[in-house]
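Undergrad: Got a structure for you, written out below as structure tokens; questions coming shortly.
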Amino acid sequence: MTTVPAPHASTGRRLTFAGLLAATMASSTFAFTTFSVLSGHLLDTFRIARWQLGALVTATAVLGAVLSPPMGRVADRIGGRNAMLATLLLSGASLAAIAVSPVYLLVVCAAMAAGVAQSMANPATNKLIS
């Protein structure tokens, strides 16, 4: 069963496919937006310095970049659909963990999970497109 709409697929199916690709890519970057929007609240709640929040965002991005090549091999092995589902589930779980974390250490762990999700997004969508 093919995942990518065939060339003769309906317009609705093609739009749905494009929407899923966009949602997958967007969801993997929501943690960055969360840290930006909630920066003041995070600084006050966890009594951390600005550099700690900046280091957290940087570490998340670096982890996403470093893990992306190996995640490409994972996407090849498990398939594009499963890689996309893993990305969406991990993105959602990491955002939920950020939302309910009572201590900064859990926010760090959730941010690292978001970095892993970010590393899988591009290989997953590329696999689906190819």
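Undergrad: Here are several values of mean projected area of the Cα convex hull in nm²: (i) 7.7; (ii) 8.3; (iii) 9.2. Which one was derived from the coordinates shown?
TA: (ii)
Undergrad: Under the 0.36 nm per residue contour assumption, what length would be gained going from the current alpha-carbon distance of A22 and W51 to full extension? Don't skip to the end; give the middle numbers.
TA: Working: separation 29, 0.36 × 29 = 10.44 nm, distance 3.12 nm.
Gain in length upon complete extension: 7.3 nm.
Undergrad: Using a 1.4 angstrom probe with every protein chain in place, what is the largest-first accessible-area order of V107, V62?
TA: V62, V107
Undergrad: With a 1.4 Å probe and all protein chains left in place, how much of the accessible area of the chain comes from carbon and sulfur atoms, in whole percent?
TA: 67
Undergrad: Same structure, new question: Can you give the calculated 222 nm mean residue ellipticity of the chain, where each DSSP H run of n ≥ 4 adds -39,500 (n - 2.57) and the sum is split over every residue, rounded to the nearest 500 deg cm²/dmol?
TA: One gets -28500 deg cm²/dmol as the mean residue ellipticity at 222 nm.
Undergrad: Next question. Using only the heavy atoms of the protein chains and a 1.4 Å probe, how would M120, M25 rank by accessible area, largest first?
TA: Numbers: M120 15, M25 75 Å².
From most accessible down to least: M25, M120.
Undergrad: Got a number for the accessible area of T16? Probe 1.4 Å, square angstrom, nearest 10.
TA: My reading of the accessible area for T16 is about 80 Å².
Undergrad: Next question. Per residue, how many Å² of accessible area does the chain show with a 1.4 Å probe?
TA: Each residue of the chain exposes 57 Å² on average to a 1.4 Å probe.
The values are calculated or read from the model by the stated rules, or taken from the named source; none is laboratory data. Keep in mind that this is a model prediction, so the values were computed, not measured. Heavy atoms of the whole protein, side chains included, go into the accessibility calculation; ligands, DNA and RNA do not. Shrake-Rupley method; radii C 1.70, N 1.55, O 1.52, S 1.80 Å.
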